[in-house]
């Protein structure tokens, strides 16, 4: 069986030990298959990472990232790699040893499939309201920490949208990939992922701004981001989410729950008054960094009623 060449792309920044753990699961396969390569795009100090990986991990290509957010870092890694199949992982994932082989075999057996969605399983338990994880046990999410795509498809849709600096880039990629390729879920292409603690208003702000920009770029009919969507999300957070945390005894960081709810209320207001979303976004989420400023600049480019992807104006009540 003639297997396709593979490039594994891993963005990183200041997480050398986690990166080493991830690479340690991939290198035995890559070392025995010269048509496979690993590219680490480092938005921190690439020379430090290169030195840390010298020796048994020296076959890993480490490049200096563009320092313009994770989506841009993924694109940069893909552009500086070779391979017919691109596998995207995160540095804090723990891949199963058969991950690369599973993706390669699936690519050969399914020549008409353009994107392969991997499985993401939780490692450990949440300790509080600030713990998050991109879990994906049954497919349908295409989280960017574990999936494979044919390079031809990746280039056709211009990779990740680097305007989404902090979040939603995988949802955006999923949306655009579905238009030109079939997506197949591979439960055997599995990684394990620990819960990550994300605390503070800045986390809420960055995620909300990317959500608004995602809606701004594609419209509510495509994204499903309506006032009703955010109302339901808030209700699930307050009822089901709180109950699950209480039942599991995972009640640390209750203030983060309050911040998340405030953020959801603001998104409800913004979608209700969508004609004014650039101004409301700046009022609720004033820039705290260059990334925020970049998102606000993109929101201000089309300060008109929401439009469809075909350019036709949507009726005023279409957000519902």
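For region 31-95 versus region 252-268, the inter-centroid distance based on Cα atoms is 35 Å. Normalised by the number of residues in region 6-197, the mean separation of alpha-carbon contacts (under 8 Å, six or more apart) gives a relative contact order of 27 percent.
Can you pull the percent of Cα pairs in region 1-96 with separation above 17 Å? Numbers along the way, then the final one.
Details: 2015 of 4560 pairs.
When all Cα pairs of region 1-96 are counted, 44 percent exceed 17 Å.
Highest-first packing order for the peptide set 260-269, 50-59 is 260-269, 50-59, based on the mean count of other beta carbon atoms within 10 Å.
In the chain, what % of DSSP beta bridges are antiparallel (nearest 5)? List each step's numbers first, then the result.
Numbers: 15 of 40 bridges.
DSSP beta bridges in the chain are roughly 40 percent antiparallel.
Oblate is the label for region 33-80, because the ratio a/c of its alpha-carbon gyration tensor axes (a ≥ b ≥ c) is 1.5 or higher and a/b is not greater than b/c.
Relative contact order, percent, of the chain when contacts are C-alpha pairs under 8 Å separated by at least 6 residues?
Numbers: 563 pairs, mean separation 56.1, N = 320.
About 18 percent, as a whole number.
Using only alpha-carbon positions in region 86-214, the gyration tensor eigenvalues give semi-axes of 26, 20, 10 Å once each is multiplied by 5 and square-rooted (largest first). Taking Cα centroids, how far is region 276-296 from region 130-159 in Å? A separation of 27 Å, based on Cα centres.
Compare the peptides 105-116, 76-87 by average per-residue count of other Cβ atoms within 10 angstrom and give them in order, highest first. Mind dumping the intermediate values first?
Values: 105-116: 16.0, 76-87: 19.8.
Top to bottom by mean Cβ count within 10 Å: 76-87, 105-116.
Take the Cα of residue 123, go 7 Å toward its beta carbon, and the backbone nitrogen atoms of region 186-220 under 11 Å from that spot belong to 191-195. All alpha carbon pair distances within region 208-260 were sorted into 10 Å bins beginning at 0; the resulting P(r) in whole percents reads 22, 40, 27, 11.
Rounded to the nearest 0.05, what FRET efficiency is calculated for residue 5 and residue 156 with R0 set to 25 Å and r the Cβ-Cβ distance? Before the final figure, lay out each step's value.
Values: r = 19 Å, r/R0 = 0.74.
So, using R0 = 25 Å, E works out to roughly 0.85.
According to the Kirkwood expression over distinct Cα-Cα pairs, how big is the hydrodynamic radius of the chain, in Å?
Working: mean 1/r = 0.0482 Å⁻¹.
Result for the chain, one decimal place: 20.8 Å.
Sorted on the mean count of surrounding Cβ atoms within 10 Å across their residues, most packed first, peptides 169-175, 237-243, 62-68 read 169-175, 62-68, 237-243. Here the alpha carbons of region 102-169 define both size measures, Rg and Dmax, at 14.7, 43 Å.
Computed over the Cα atoms, what is the radius of gyration of region 12-51 divided by 2.2 N^0.38 Å, N being its residue count?
Working: Rg = 11.0 Å, N = 40, 2.2 N^0.38 = 8.9 Å.
My calculation over the Cα atoms of region 12-51 gives 1.23.
In square nanometres, what is the average projected area of the Cα convex hull of region 6-197?
On the way: hull surface 40.5 nm².
Approximately 10.1 nm², given one-decimal rounding.
Every number here is computed from the coordinates shown, using simple stated rules; none is lab data. Bear in mind the structure is a predicted one, so any value in this text is a computation, not a measurement. Here the Cβ is made from the backbone with ideal geometry for all residues, glycine too, and neighbour counts use every protein chain on show.
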